[in-house]
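The values are calculated or read from the model by the stated rules, or taken from the named source; none is laboratory data. Source: prediction; values computed, not measured. Neighbour counts run over all protein chains shown; Cβ positions are idealised from the backbone, glycine included.
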Amino acid sequence: MKMSPEEFLDWPSKRITLLAMSGAGKTTLANKLPKAKWFHYSGDYRIGTKYLKEPILDNIKRHAISVPFLRELLLSDSIYIANKITVDNLAAVSSFLGKLGDPALGGLSLAEFKRRQKLHHQAEIAAMNDVPDFIHKADDIYGYKHFINDAGGSVCELDDAEVLENLAKNTLIIYIKIPPALEQTIIERAKTDPKPLYYREAFLDEKLTEFLALKNYSSTEVMPPDQFVTWVFPELFKSRLPRYQAIADQYGYTVGADDIAQVKTEADFIALVADALAKQP
């Protein structure tokens, strides 16, 4: 969706998709908007509570049933297992994705890792394609005037033009660009606290081959899971930046993460977006 600053300011029901790497401030920004006026749609929350709900629970049960005490209680239906996924706590989604590597260190086989990656890919596409329905429901059922789509950090990896066109048709896409100083902060944070991530299969295959050769590992079965995640994150980070920018150039607009950090109120946010529209053709 393209519009002039004046059209945006006069838009009675503003609908915005935020795109950025994790750590750029999407969720923090969304939480600054008045909850009485803005419906907050989280792509990752939708993935975890709808499209990956059953696989996530199956994974937890698989681990729980290996404990004799819990196995007896589960098989007798004496206890049940449930997720407690929230917009601010997506650990269950992350743990389902898992890490590739030595099973003795909690790693997944390459086949299982790719299976989960594929499920996440399908789930993220479905979650983004749900945005138009939620825009309607947010207004029709709850009476929300405005809509903010906090898209997952891997949306740029989907390689699905239909998803992007759908988002651009129904929302104003705003890409939060990370400045060089913050880039290094995010990379260092990932090194000290490596988390499971989604990778495009072509990217994964290329970098995995490179990593195994570099470390002289015979297969993924012997490599430490955290070591691969730590090594590959800077490569993933660099590969995503031009993808985000290409989406913004074709479908939306770009704002700086430093500017986003200065936003305190809804009025600040509206003014920042309007300014971005004025600066970009």
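The table for this structure:
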item: Conditions (1) farther than 28 Å from Ser218 by Cα; (2) in a helix (DSSP H, G or I); number of the one not met by Phe96; result: (1)
item: Residue in the range 26-84 that is surrounded by the fewest Cβ atoms within 10 Å (Cβ to Cβ), counting only those that are of a type in the set (A, V, I, L, M), in contact with a Leu (Cβ under 8 Å, 6 or more places away or on another chain) and more than 22 Å from Gly143 (Cα to Cα); result: Ala82
item: Total residues in the range 159-182, condition aliphatic (A, V, I, L, M) and either surrounded by 20 or more Cβ atoms within 10 Å (Cβ to Cβ) or in contact with a strand residue (DSSP E or B) (Cβ under 6 Å, 6 or more places away or on another chain) (or both); result: 7
item: Qualifying residue in the range 173-180 (condition: free of Cβ contacts under 8 Å to residues at least 40 places away in the same chain and of a type outside the set (A, V, I, L, M)); result: yes
item: Enumeration of residues in the range 1-53 that are over 15 Å from Phe269 (Cα atoms), among the basic types (Lys, Arg) and in a helix (DSSP H, G or I); result: Arg46, Lys50, Lys53
item: Qualifying position, being surrounded by 18 or more Cβ atoms within 10 Å (Cβ to Cβ), touching a residue at least 12 places away in the same chain (Cβ under 8 Å) and farther than 21 Å from Leu167 by Cα, among Leu204, Leu277; result: Leu204
item: Count of residues meeting criterion [surrounded by fewer than 20 Cβ atoms within 10 Å (Cβ to Cβ), assigned to a helix (DSSP H, G or I) and in contact (Cβ under 8 Å) with a residue 12 or more places away in the chain] in the range 251-267; result: 4
item: Residue within the range 102-111 that is in a helix (DSSP H, G or I) and touching a Lys or Arg at 6+ places or on another chain (Cβ under 6 Å) present; result: no
item: Residues being in a loop (DSSP other than H, G, I, E, B) and within 13 Å of Thr230 (Cα to Cα) - total across the range 172-194; result: 2
item: Condition check for Asp249: charged (D, E, K, R) and either more than 22 Å from His121 (Cβ to Cβ) or in contact with a Pro (Cβ under 7 Å, 6 or more places away or on another chain) (or both); result: yes
item: Of residues in the range 213-234 being assigned to a helix (DSSP H, G or I) and free of Cβ contacts under 8 Å to residues at least 40 places away in the same chain, the one nearest to the chain's Cα centre (by Cα); result: Val232
item: Residue match in the range 104-115 (condition: in contact with a Pro (Cβ under 7 Å, 6 or more places away or on another chain), under 23 Å from Cys156 (Cβ atoms) and either among the aliphatic types (A, V, I, L, M) or in contact (Cβ under 8 Å) with a residue 40 or more places away in the chain (or both)); result: no
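Results for (1) at pLDDT below 95; (2) among the charged types (D, E, K, R), shown as yes or no for each residue.
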| site | (1), (2) |
| --- | --- |
| Arg62 | yes, yes |
| Asp77 | yes, yes |
| Ile81 | yes, no |
| Phe113 | no, no |
| Arg116 | no, yes |
| Ala127 | no, no |
| Phe134 | no, no |
